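The values are calculated or read from the model by the stated rules, or taken from the named source; none is laboratory data. It should be emphasised that the depicted structure is a prediction, and the values quoted were computed from it without experimental measurement. Here Cβ is always computed from backbone atoms with ideal geometry, including for glycine, and neighbour counts include all displayed protein chains.
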Amino acid sequence: MKRARSVKKLVEEFGETYSHLLGINVLSRERSEIFKWFLASLLFGARISESIAMKTYREFEKKGVLSPEKIRDTGWDGLVAILDEGGYVRYDYKTATKLLEVAGNLPKGYQGDLNILYSKAIDERDLEKKLMNLGKGVGQVTVAIFLRDLRCIWEKADPLPTSLTVEAARSLGFTKEISDEKVLQDLKCVWDEFKVKGKDFIQFETALLRFGKTLRRKKKVSKS
């Protein structure tokens with residue numbers, strides 16, 4: 001009963017997905033919405049605050065730069081300007097280069113459509129590999145963020161938990177496993193047993209990630 005309450009409280013407090021917060025309708029499966037979420041995931045993937053990543057995405061939205069074509073048309077200098085306006089200063093040059101590379105590679109093999117990339121993936125790990133191959137600097141964290149919100153529409157979207165998610169899961173007693181694969185299995189079992197009505201595993205995973213960030217902040221404060 002205690003664990004059921006923990007899961008419910010966690011999901012209610014921290015479970016709103018980032019794609020939903022940004023008004024991106026990934027459930028539509030439309031190529032434009034899927035790419036918007038990939039763009040946002042690229043921003044969230046750096047070691048930068050959640051609020052700055054969201055603010056920067058809003059700047060891209062405000063300028064209408066939400067597609068591979070628009071990113072290419074905007075160019076490196078224009079992308080840096082948008083990133084700087086969002087407060088993404090620390091990673092502006094590197095991220096502008098990465099966005100241009102992704103925007104250039106996606107049309108080459110996949111007609112600019114991430115749904116087509118997905119259809120060509122053999123399995124879960126091949127999907128992750130194909131996403132990372134879109135550009136230098138598209139790493140495991142970015143891919144995990146992106147695929148987490150697509151679990152319910154892409155069958156092969158099954159990313160391993162990030163370090164923050166694992167940290168939160170262990171602190172709450174949801175797992176004692178070492179390997180990320182087994183941690184994921186444990187979390188799915190916990191959700192199957194204590195799922196919250198009207199919510200999905202995605203919300204549970206997102207809530208753990210956010211709780212993990214809270215734990216990490218508290219540790220930093222205690223050390224200072």
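List of remarks:
- Odd one out for Pro68 among (1) touching a Gly at 6+ places or on another chain (Cβ under 8 Å); (2) more than 19 Å from Lys98 (Cβ to Cβ); (3) modelled with pLDDT of 95 or more: (2)
- Condition check for Lys129 on (1) in contact (Cβ under 8 Å) with a residue 12 or more places away in the chain; (2) in a helix (DSSP H, G or I); (3) not assigned by TED's automatic domain parsing to the domain that holds Lys218: one failure, at (1).
- All positions within region 156-196 that are closer than 23 Å to Arg216 by Cβ, part of a loop (DSSP other than H, G, I, E, B) and not small (Gly, Ala, Ser): Pro159, Leu160, Pro161, Thr162, Leu172, Phe174, Thr175, Lys176, Glu177, Ile178
- Residues of region 165-220 that are acidic (Asp, Glu), touching a helix residue (DSSP H, G or I) at 6+ places or on another chain (Cβ under 9 Å) and closer than 24 Å to Ala46 by Cα: Glu167, Asp180, Glu205.
- Filter result for Phe201 (touching a Phe, Trp or Tyr at 6+ places or on another chain (Cβ under 7 Å), in contact (Cβ under 8 Å) with a residue 12 or more places away in the chain and surrounded by fewer than 19 Cβ atoms within 10 Å (Cβ to Cβ)): yes
- Only a single criterion out of (1) among the aliphatic types (A, V, I, L, M); (2) buried (at least 20 other Cβ atoms within 10 Å of the Cβ); (3) outside the structural domain of Val7 (by TED's automatic domain parsing) is not satisfied by Ile122, namely (2).
- Of all residues in region 144-164, none satisfies being polar (S, T, N, Q) and at pLDDT 95 or above.
- Residue in region 68-76 that is among the aromatic types (Phe, Trp, Tyr), under 21 Å from Lys108 (Cβ atoms) and part of a helix (DSSP H, G or I) present: yes
- Filtered residue count, region 125-164, keeping only those that are buried (at least 18 other Cβ atoms within 10 Å of the Cβ) and either acidic (Asp, Glu) or in contact with a His (Cβ under 6 Å, 6 or more places away or on another chain) (or both): 2
- The residues listed here are Asn105, Asn115; of these, the one that is in a helix (DSSP H, G or I) and either closer than 21 Å to Glu155 by Cα or in contact with a strand residue (DSSP E or B) (Cβ under 6 Å, 6 or more places away or on another chain) (or both) is Asn115.
- Number of positions in region 149-173 that are touching a residue at least 60 places away in the same chain (Cβ under 8 Å) and under 23 Å from Thr214 (Cβ atoms): 3
- Condition met for Asp126 (modelled with pLDDT of 95 or more and over 16 Å from the mean Cα position of the chain (by Cα)): yes
- Residue match in region 32-46 (condition: more than 21 Å from Arg216 (Cα to Cα), assigned to a helix (DSSP H, G or I), among the charged types (D, E, K, R) and outside the structural domain of Phe211 (by TED's automatic domain parsing)): yes
- Long-range neighbours under 6 Å by Cβ, at least six apart or interchain, first residue more than 14 Å from Cys152 (Cβ to Cβ) within region 21-33, second among the small types (Gly, Ala, Ser): Leu22/Ala40
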